[in-house]
Every structure is written in structure tokens, then in C-alpha cells.
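**Q** Structure incoming, see below.
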Amino acid sequence: MKNKKFVILILIPVFIYQTIFMFLPILGNAVISFMDYNPLRADNVFIGFDNYVKMLGDSVFYKSLINTLVFVFVTVILNILISLTLATFISQLKSNKTRSIFRMIAFLPCIAPIVASSVVWLRSIYSTNNGLLNLIIKACGGDSINWLGSSNYLMISVIIFTIWADIGYNIILFSAGIDGIPNEFFQASEIDGAGRWRQFFKITLPLLGRTFAFVTMMTLISHFQMFAQFNILAYKGLGPQQSGLVITSYIYKMAFEHKEMGYASAISMALLAIILIITLIQQRSNKVDWEY
């Protein structure tokens, strides 16, 4: 009974925080989505589902939705594959100091603010004239590529940057998951003659089920909400032929540039629904029923 009271006391500040900074803002956003709301007007009228009807007929919204889905699924898949591969490689190293150094190097990009990193990549890596990528291409005899000014390359460029900036988190999480697998499993498999590849697919990957599910869910949620790199790398958050416009950028433009906060709130509620649906599907498809 004492332990139960202690747990309740510990959780009360968490519930207060969640209520003030999460549930109440979502509720307020939902209310605004049913209004023709402009913070510069004194009179904001209730218009029912008009904002949602407008959204369903908005071709720009569909363009931002498609761009968001492409960005999220390509980036999440590549992020998980690369981070899991690197985490497995790091965990194979025998020296604890060497493993720590590699993990620190992988995590360094996550420390820098994403806005500052985006500016550095914009001016030093993706620059058409003197960018590092184009200097390498020229040295190999190729022609410069307009990485951020072409609709064919803009999304690829943002995906590459995002993976570089975000991959460190998942490397740390996967490394922790791999280190948590009892070494007896690997020793027994070596006695049976299993090689590294067989150990990975038969032991490491199955026993990383919970870590894999958590990493996938958190990466999906965070990538749906990414905004800063699009606003910096894509010109005015749009890019050529709106190839860099994602839902978060569209919400920002509607709310703060066009002052249509009611419509922006409706789009943000749609984004919330998409994230919830995909998260539920991902959770159901990654049920793990094992112990070790």
C-alpha cells in the first residue's frame, strides 16, 4: 500500500505536466479547427466542419501529405537499417573504450541544433558552386548538381541530411539492446557452429524485438513532425514545384503567414490522426511475447 501511494505521488507531476502541455493544447487546437480563427481579429466565428471540407479539396495539402509520407517511410527504413548495422558492428568490438568512442562519434551530430546543422549543410555541403559534394563530383569528372534547386534532388538531399543528423539516437538504443542480450546465447551458438550472420538473424534480431518496436515507433513519430530542415534546405519551405513542402511546413504557412489558424489547426489534427493510426498499426504488427 505504501509503495502504491509513493508511485501515485511520483506520477502526479507527470500527469499535471501532460495535462498542461499536451492534452489541453490538443483540446484547444481541436476547438480552433472548427472556427474561422484569426488571432488579429476580435470576432472569430464557429464554422463547423468547413475547415476539414476545405482540406479534403486542397490539392496543396495532398501534395504535402505525399511528400511527408515519402520522406517518413524512406528515411525511417534507411535510418533503422543503417543504425542497426552500425550498432551491430560496434557491439562486435572487444574493447569497451573503442565501443564508447565509436558511439560518441555516431552521437555527435545529434548534439548540434538541427537548425545550425541545416545551415552548415546548406552552405558547405549542398552549395552548387563550392559545396563539398559538387567538389567531389567535379574531381571525378562530373558536372555540378543543384541539390536543393531541383525537384529531382531536393527530397533526396533532405533525407540524407536527416539520416546523418538523427541516426545517432538509434545507434545508441540498438547498442544498448544488443548489449542486453545474454552472452550465453552466442556462446551456445558458437559451440553449434553458427557463424556471425546466423547469430545475427537467429539470435540478435529476434531478441531485439522490443527494442526494434520502440525504435521504429519513436522514429516514425519524430519524423512526421520534422520541420526545421525543410524550412532551411527547401526554399521558403517549399522547394521547386513544392517538392519540399511537408505537412508541418504547410501548417506553419497557413497559421503564421496566411493567418488561417483555424485551417492550420484542422491540418494539424489530420496529422495527429495519421500519426496515431500508423503508430497503432505498427504496435499491432510488432507484438513481442518472449523473455530472456
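**Q** The chain: longest stretch without exposed trypsin sites (Lys or Arg not before Pro) (DSSP loop, at most 15 other Cβ within 10 Å), sites themselves excluded?
**A** In short, 95-258.
**Q** When the dipole is taken about the Cα centre of the chain, and only Lys, Arg (+1) and Asp, Glu (-1) are charged at their Cβ, what size is it in debye, to the nearest 20?
**A** Dipole magnitude for the chain comes out near 580 debye.
**Q** Which ³J(HN,Hα) values, rounded to whole Hz and listed in residue order, are derived for the range 90-106 from phi using the Karplus coefficients 6.51, -1.76 and 1.60 in 6.51 cos²θ - 1.76 cosθ + 1.60 with θ = phi - 60°, glycine and proline given as x?
**A** 5, 5, 6, 5, 7, 7, 4, 5, 5, 4, 5, 5, 5, 5, 5, 4, 5
**Q** From the phi of every residue in the range 51-62, what ³J(HN,Hα) in whole Hz does the Karplus formula 6.51 cos²θ - 1.76 cosθ + 1.60 yield, where θ is phi - 60° and glycine or proline is x?
**A** Going residue by residue, I get 5, 6, 5, 4, 5, 5, x, 9, 5, 5, 4, 5 Hz, with x marking Gly and Pro.
**Q** Let me ask another. Which length gain, in nm to one decimal place, applies between Ile156 and Ile20 when the Cα-Cα distance is subtracted from 0.36 nm times their residue separation?
**A** Full extension of this stretch gives 45.2 nm more.
**Q** Going 7 Å from the Cα of Gln283 along its beta-carbon direction, which residues of the range 1-35 have the amide nitrogen within less than 17 Å of the resulting point?
**A** Within reach of a label on Gln283, which here means backbone N under 17 Å from a point 7 Å along Cα→Cβ, the range 1-35 contributes 23.
**Q** Out of residues 5 or more away from Met35 or on other chains, whose amide H comes under 5 Å of its own, with H placed 1.01 Å from N in the peptide plane?
**A** Amide H to amide H, under 5 Å and 5 or more residues apart or across chains, Met35 pairs with Ile47.
**Q** How high is the FRET efficiency between Phe73 and Ile12 when r is their beta carbon distance and R₀ equals 45 Å, given to the nearest 0.05?
**A** The formula returns an efficiency of 0.70 here.
**Q** Stretch Trp164-Ala228 to full length: gain in nm at 0.36 nm per residue minus the Cα-Cα span?
**A** Between Trp164 and Ala228, full extension yields 21.6 nm more.
**Q** Compute the FRET efficiency between Glu190 and Asn96 as 1/(1 + (r/R0)^6), taking r as their Cβ-Cβ distance and R0 = 30 Å, and round to the nearest 0.05.
**A** Calculated transfer efficiency: 0.90.
**Q** Now a separate question. Per 5 Å bin from zero, what fraction in whole % of the C-alpha pairs of the range 90-203 is there, up to the bin with the longest pair?
**A** All Cα pairs, binned at 5 Å, distribute as 2, 10, 14, 15, 13, 11, 10, 10, 8, 5, 2, 0 percent.
**Q** For a Förster distance of 22 Å, can you work out the FRET efficiency between the beta-carbons of Tyr235 and Asp58, rounded to the nearest 0.05?
**A** 0.55
**Q** Which of the listed residues, Met254, Asn29, Ser117, is farthest toward the dipole's positive end in the chain, when Lys, Arg count +1 and Asp, Glu count -1 at the beta-carbon?
**A** Ser117
**Q** Please say if the chain is rounded, prolate or oblate, where rounded means a/c under 1.5 for a ≥ b ≥ c the square roots of the C-alpha gyration tensor eigenvalues, and otherwise the choice is prolate for a/b larger than b/c and oblate otherwise?
**A** Oblate, because a/c is 1.5 or more while a/b does not exceed b/c.
**Q** Is the shape of the range 137-292 best called rounded, prolate or oblate, per the rule: a/c under 1.5 gives rounded, else a/b larger than b/c gives prolate, else oblate, with a ≥ b ≥ c the square roots of the Cα gyration tensor eigenvalues?
**A** Since a/c reaches 1.5 but b/c is at least a/b, the shape of the range 137-292 is classed as oblate.
Computed from the coordinates by the stated procedures, all read-outs in this text should not be read as laboratory data. Note that the structure is predicted; figures quoted are calculated from it, not measured. Glycine also receives a Cβ, built like all others from the backbone with ideal geometry; neighbour counts cover every protein chain displayed.
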